[in-house]
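Contents: one structure, followed by commentary.
The values are calculated or read from the model by the stated rules, or taken from the named source; none is laboratory data. The structure presented is a predicted model; accordingly, all values stated were derived computationally and were not measured. Cβ sites come from the backbone with ideal geometry, for glycine too, and all protein chains shown count toward neighbours. Just the protein is used for accessible areas: all its heavy atoms, side chains included, with ligands, DNA and RNA removed. Shrake-Rupley method; radii C 1.70, N 1.55, O 1.52, S 1.80 Å.
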Amino acid sequence: MHERAAPPRPLARADVALRRVGSEWVLFDAARERAHVLNQAAAAVWAFCDGTRDPGEIALAIAGSVTSPEPGAIARDVEDAVRRFAAEGLLQ
Amino acid sequence: MSIAPHVLEFSCDDEEAGRALSALYHAAPETDLPPTLRYSLSGTGGRYVARSPSRPPFGPTSLEEAWAFVEWRAIEDVLNDPGPDAVFVHAAGVRVGGRLLLLVGPSGSGKTTLAAALLSRGHPVLGDDVLRFAPTTGEYSAFPRSFKLDDNTLTVLELWRGSSLDEVPGTFLALGCLYVSPVALCHAWLAEPGRPWGVVVLDPGRREGAARLESFSEGQAAVRVVQSMLGASTGPGAGARVNAGLGLVESVAQARAFRVGGLGVLATADLVEEAARS
């Protein structure tokens, strides 16, 4: 199955809200009345989906706030997260 | 009777239909305010016609089926117009040791049975199947509809052994279920509204082995609560839904999350009591 590339400069939809719930994060999509659970790393990626950064720049921005067991893992995780956001219709 | 923001009026022309209608919202407070929604059952020779504000008349048919039509219309009309600052959610609410627990799960997952078990032990409830949620306050409050209990639940909970159900006020047998007023399970049935201390998730697919109550993902519990929102996404109540979903997430942001597994409602009720008192 062909996997879509992550959007070049992902921009979060304005009507999707991020809230902390316990130790996790939840994105609420008001238009579709759906909620999505994020871990801390994905929540950090979401916070940088402001339309000005590509996934590589997002990975650099969050590198200080997430731990990673191997080089390149953060970049891959960011790509995965952004692809998921796009697939769920959470980006503009 | 008052099911805020509405005032429901039920009318009929015989005693048997009257007893049936009284079982539907038996625990709801009465009011002198003018009705906003009117429902009726009228019968001749054991056949009844049911009338509601939103649909053409139904019948003539049996009392059971006519009553079921009224039951469904009455709840549908209220759910689709919850008022300016409210939505309804498909959940049960119980206060155990003063702490409010939301029980969430799909139909058939055991919310009503567990709520009935806890209520029959003296823990007040907000409801077994539908609750009212106010986004501006983040609080859940009662929706005083009667419980729907099946034979198995009555047996397991050992309710009214040796009694004739006809003697229990607020009960009506329809379509294989006994509709039971919460007052009949516990006189002091009504819980105070509030924010939940805990969310208990019930999944039908986890009924194996001994009863257990496990810690659960708080985020996943919040998703389940959002998924429980009821009513139409268009129409008079639609505007409130946009804020309501976020309000639902925020209402459980500090709540503990649990998931029920295994069999045995009485053992599960024991575990819930223990968790709420910890």
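What to note about this one:
- Beta bridges per DSSP, both residues in the protein assembly as shown: antiparallel share near 75 percent.
- Most mobile of B:G138, B:G83, B:G205 in a GNM of chain B (Cα contacts under 10 Å): B:G205
- Per-residue average of Cβ from other chains inside 10 Å of A:10-23: 4
- Take the accessible area of B alone and of A alone, subtract that of the pair with a 1.4 Å probe, and the total buried over both chains is about 1300 Å².
- Across region A:50-56, coupling constants 3J(HN,Hα) worked out from phi with the 6.51/-1.76/1.60 Karplus curve, θ = phi - 60°, read 10, x, 10, 10, 8, x, x Hz, and Gly and Pro carry x.
- Loop-located trypsin sites (Lys or Arg not before Pro) in region B:170-270 whose Cβ has at most 16 other Cβ within 10 Å (DSSP): B:R207
- The residues of the protein assembly as shown expose on average 46 square angstrom of accessible surface per residue, using a 1.4 Å probe on protein heavy atoms.
- Farthest positive-ward along the protein assembly as shown dipole, Cα basis, beta-carbon charges - from A:A87, B:Q227, A:G51: A:G51
- The protein assembly as shown, accessible surface, carbon-and-sulfur percent (1.4 angstrom probe): 51 percent
- Chain B: angle of helix B:63-79 to the longest principal axis, Cα-based, in degrees nearest 10: 60 degrees
- Amide H contacts of B:M229: B:H90, each under 5 Å away and 5 or more positions distant or on a separate chain (H built 1.01 Å from N in the peptide plane; Pro and chain starts excluded).
- Residues whose amide H comes within less than 5 Å of that of B:R38, counting only those at least five positions distant or on another chain, are B:E9 (H built at 1.01 Å from N in the peptide plane).
- Note on chain B: helix-only mean residue ellipticity at 222 nm, from DSSP H runs of 4+ residues weighted -39500 (n - 2.57) and normalised by residue number, equals -8500 deg cm²/dmol.
- At a threshold of 30 Å², the residues of region B:213-233 that become less accessible to a 1.4 Å probe in the full protein assembly than in their chain on its own are B:E218, B:G219, B:V223, B:V226.
- Measure of compaction for chain B (Cα Rg per 2.2 N^0.38 Å): 1.00
- For chain A, calculated [θ]222 nm from helices alone, where every DSSP H run of n ≥ 4 adds -39500 (n - 2.57): -10000 deg cm²/dmol
- When the Cα convex hull of region B:1-72 is projected onto planes of every orientation, the mean area is 4.6 nm².
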